[in-house]
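Working notes, beginning with the structure itself.
The values are calculated or read from the model by the stated rules, or taken from the named source; none is laboratory data. Fair warning: this is a prediction, and the values are worked out from it, not measured in the lab. FYI the Cβ positions are ideal-geometry reconstructions off the backbone, even for glycines, and counts take in every protein chain you see. Side chains included, ligands, DNA and RNA excluded: accessible areas come from the protein's heavy atoms. Shrake-Rupley method; radii C 1.70, N 1.55, O 1.52, S 1.80 Å.
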Amino acid sequence: MQSLILGIGAYLVIKQEFTPGIMIAGSIILGRALAPVDQLIGSWKGFLSARLAYQRLHDLLDMITVRQSFMRLPAPDGALILDGVVAVPPGSTVTVLRGICCEIAAGESVAIIGPSAAGKSTLARVVLGVWPVAAGKMRLSGADIGHWNREELGPYIGYLPQDIELLDGTVSDNIARFGEVDPEQVVAAAQRAQVHEMILRLPKGYDTPIGVGGAVLSGGQRQRIGLARAMYGKPVLVVLDEPNSNLDDQGEAALVMAIAQLKLEGATVLIITHRASVLNSVDKILVLRDGLLEVFGPRDQVLNQFMRPTSTGRPATLQSQAAG
C-alpha cells in the first residue's frame, strides 16, 4: 500500500498535478490512516486463536453436567466402604481400578502401596469423589460419595495431592483454603502439621505472599504447608498422596508426628507412599497391582508376607514387586 501511494504520488507529480511536497505529505497522511488496517492484519491470527480457544472452553463447559443437590446428611465419621469399585479416568477408555473391595473403619490409618501405575492416585481421587466410579460403590459413612453435597463435605476432608498446588496468596490464605481466615484454626492446623515454627521463620510469617504456585517456597516447604492445609479444620478423612516425596529427615519426622496426631484425633488417614519409613505409623496396608487389590490387612501381617531377608544381613525390606 505504501509503495502504491508513493507510485501514484510520483505519477501525479510528473503530470504536474501535485508538487513533490504534497506527494510526501499525502504519503505520510495516508500511511497514518492505513496504520489500523496494518495492525488488524497483523493481529488477525491471534484473534482467530482466541476465538477457537473460547469455543473449545465453551464446548468443554457444556459437557459438564450440573451436579444434583441432595438432602444434607449428618457429619461423616470417616468410615469407608469400597464395593466393587471400577474406575476409568475422565476422557479415557482405559480401566485403571478393577473391582476394588475393602472396608476401612473410622479412625484407621492405611498405607496404599504398589508399583508405579498401579492405580494408587486414582484410588485417592475415587475415595474423595473427585472422579466418579464406572461401576460399584464408594461409600463414606454408609452414603454414596456422590450423594454428599460438595460444599458441605469439603470441610470434613483433607487432601494433599502428589503435585502440590498452592495458589497466589499468603500462607494463611492457602492453609485456610481461601475461605474466611480464622487465625486460631490456621495456627492450630500448622501446629498439628508440625510446620508452625517453619512458617514463623518466613519473612512475614503467616502473612508471607508465596507467589503463583508457591514460587517463593522450596519443594519441602510447599509440601508441609499443603499438609497443614489438609489438616485445617480437623477433617475426619485425610488422604495424603506421596506426602514425603520432597521432605528431608526433619520433614519426615514432622510428617510422622502429624500422622500420629491425626490418629489421636480419630481421623481416617490414607497414605500413598513408596517409602517404608511411613509404614510404622499405619494400622493397615493395602497393596495395589495393575488396578487390582492384591493384599489388604493389618500392617504386620502384610509386612511379614512381603518381607524377605537381605544378603547383607541388614533388616529386611519390602519386596520391590509390592512396594514399587
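The table below gives the values:
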| item | result |
| --- | --- |
| Helical segments meeting 27 Å axial Cα length and Kyte-Doolittle -0.5 threshold in the chain (DSSP H) | 20-63 |
| Heavy-atom surface of the chain, accessible at 1.4 Å and reported per residue (Å²) | 55 Å² |
| Residue (of Q39, Y11, V96) at the positive-pole extreme of the range 1-99, dipole from beta-carbon charges | Y11 |
| Carbon plus sulfur fraction of accessible area for the range 61-156, probe 1.4 Å, in percent | 57 percent |
| Descending Cα extents along the principal axes, the chain, whole Å | 105, 55, 48 |
| DSSP beta bridges in the chain [antiparallel fraction, %, rounded to 5] | 55 percent |
| Order by protection proxy (mean Cβ within 10 Å, highest first), peptides 113-121, 149-157 | 113-121, 149-157 |
| Peptides 245-251, 234-240 ordered by average Cβ neighbours within 10 Å, highest first | 234-240, 245-251 |
| Under 29 Å from the Cα of K137 - lysines, other chains or at least 8 residues apart | K120, K234, K263, K284 |
| Mean Cβ neighbour count within 10 Å, used as a protection proxy, ranking 123-129, 196-202 highest first | 123-129, 196-202 |
| Largest to smallest accessible area among K204, K284, K263, K15 [probe 1.4 Å] | K204, K15, K263, K284 |
